[in-house]
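See structure below.
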Amino acid sequence: MKKWLLICIISLITANAFIVFPVNAIVPYQGYTYNYWGEKKDTPPAFIPTRILTSDNFKTKALKNPTDMFISKDGKIAISDTDNDRVLIFDSEFKILHEINQIEYNGEKSSLKSPEGLFIDSDGEFYICDTGNNRIIRYFADMKVRQIYTRPDSPLLEGYSVYSPIRLSVDKSKKLYVICKGINMGILEIDEKGTLDKFIGAPQVFVSPIDYFWKSISTKAQISRMSSYVPTEYNNISIDSEGFLFATNESVTEDQIIAKISSRDRSTNSAPVKRLTLSGEDVLDREGFYPPVGDIKFPVKNQDYSEDSTKGNSRSYLKESEKGPSSIVDVAPSENGIYSILDAKRGRIFTYDYAGNLLFVFAGTGAQVGSFIGPVALCEYKDNYYVLDKVTGSVTEFVRTNYGTSLLSAINSYNQSDYDKSLNEWKQVIARDSNSEIAYLGIGKIYMMRNNYQEAMKYFKLANYRDYYSKALKLYKKDDIGKTSSALIFTLVALAIIAALIIRIKKGVQVIINFGKPKSIKVRGRI
């Protein structure tokens, strides 16, 4: 009897442990964000991994160095299996619909060679960057080849001997926006007929006054040995629902990123992520504590160990590849201006709102579910995120937690002007994370919309958002002056009315008094 009771107790404890701590069992990373002071603050995970899909799930041979993934609005999933010279298309459950390794066009057959960038437009038309063959292939929705784009015949490409498209996006007018390996003048804008119209978003080059000075006094031989100041290349491109182009650039130097972080630089200069109009203007908002660069705390080149991993006297020594700023390789635009960026260096995903405020960070590097070795592509579909790992040839699925749902829903409700719902959801976020500065900011903005400036200032102070606090303070003073002025005017008007009444009353009393007095009669002549 005692033995049976002991077994029951052990079983109950084991069951309770499984129910209470399932997240710790499956999440190999800690969610976090950065506060105003640049300190890393732990948060509940906003997304957790639910499954990892490999060739066993795909029921095909193992992926070999896959380089890109795209998920359409209707759930079609395309993966470029680059070193196997093929492209795979799946349904939303990752069941293979098409395997493309050869094409037939105008009666001629040819094979794919090292395909990379992929895109599916709103009409279901499918595009492949057939990189090794220096061309782009366009398919009808029924997967018949519609068109092949080879190197455009344009003077804009003079000086570039190689034309190798690696990434692309397509807008509603069927214009192609293409990134080519080795071309550093920006993104190629190609019309539906294959004509190169222009370059857009060419990264600007900034040379310091010191560099100018040294060049001015150097010999030709010395100048030739100096590094050339040429624009850097973009490495990826995504188009959002409003037609803006997110472009990433992982070649920004460590010194540039450190300078950007330390000065809280909000400009487009040396920005690893941009949101471009079709004319090439960067309109990405960078109003958060720090610009959207991924991690703002990281081990630099001359640091041999990770301070975050230091415990007592033990230190976690780093490889050279683990040092330096985040290496941004992809952007997944979402609704209401929210977007996420993928850091290939540490396998992390950083999610920002439309203003550039960091909402949360999740994922990491490693061999566990939810960690990566070589992440290269990030996609969002039906509130879930999917990450392609080129080393393991796998896709990891992430789903929202209650914390992530409350946070993102609060932003969506605010943008839809449902302030009561947004306020309630922000409070749910704070219930799970009392240090959430983004939640305090959200609540402060709601109170400011309701003209409750004192309450707004209280929450902006908790959020450490000084700009918003200043705005609320100015509005509060203006409102207070307005109220004081209104009260003063009301008082003066009331006093004037009272004074007028008193004068009228006095005049009335005088008339009555005069009316009751006997009138004197003047008699002319003598009596």
Practice task
Quickly run through segment 133-151 and pick out the residues that are among the polar types (S, T, N, Q) and either under 18 Å from residue 85 (Cα atoms) or in contact (Cβ under 8 Å) with a residue 60 or more places away in the chain (or both).
Solution key: 133, 134
Exercise for the section: Only residues that are surrounded by 23 or more Cβ atoms within 10 Å (Cβ to Cβ), in contact with a Pro (Cβ under 8 Å, 6 or more places away or on another chain) and not hydrophobic (A, V, I, L, M, F, W, C): list them for segment 359-388, please. Expected result: 370
Practice task
For residue 164, work out the one condition from (1) of a type in the set (S, T, N, Q); (2) open to solvent by 50 Å² or more (accessible area, probe 1.4 Å); (3) touching a Lys or Arg at 6+ places or on another chain (Cβ under 8 Å) it doesn't fulfil.
Solution key: (2)
Practice task
Spot the failing condition for residue 365; the list is (1) under 12 Å from residue 48 (Cα atoms); (2) polar (S, T, N, Q); (3) without any contact (Cβ under 8 Å) to a residue 40 or more places away in the chain, and only one is missed.
Solution key: (1)
Exercise for the section: Just one of (1) free of Cβ contacts under 8 Å to residues at least 60 places away in the same chain; (2) surrounded by 20 or more Cβ atoms within 10 Å (Cβ to Cβ); (3) touching a strand residue (DSSP E or B) at 6+ places or on another chain (Cβ under 7 Å) trips up residue 260, so point out which. Expected result: (3)
Exercise for the section: Considering only segment 104-122, state which residues are in contact (Cβ under 8 Å) with a residue 12 or more places away in the chain and either out of contact with any Phe, Trp or Tyr (no Cβ under 9 Å at 6 or more places or on another chain) or of a type in the set (Ser, Thr, Tyr) (or both). Expected result: 104, 105, 110, 111, 112, 113, 114, 115, 116, 122
Practice task
May I ask you to say which residue of 266, 286 is open to solvent by less than 20 Å² (accessible area, probe 1.4 Å), farther than 22 Å from residue 347 by Cα, touching a residue at least 24 places away in the same chain (Cβ under 8 Å) and in a loop (DSSP other than H, G, I, E, B)?
Solution key: 286
Handout entry: Which listed residue, of 146, 138, is over 29 Å from the mean Cα position of the chain (by Cα) and either open to solvent by 70 Å² or more (accessible area, probe 1.4 Å) or over 18 Å from residue 70 (Cβ atoms) (or both)
Key = 146
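The values are calculated or read from the model by the stated rules, or taken from the named source; none is laboratory data. Source: prediction; values computed, not measured. Positions of Cβ are generated from backbone atoms using ideal geometry, with glycine treated the same way; all protein chains shown enter the neighbour counts. For accessibility, only protein heavy atoms count, side chains too; no ligands or nucleic acids. Shrake-Rupley method; radii C 1.70, N 1.55, O 1.52, S 1.80 Å.
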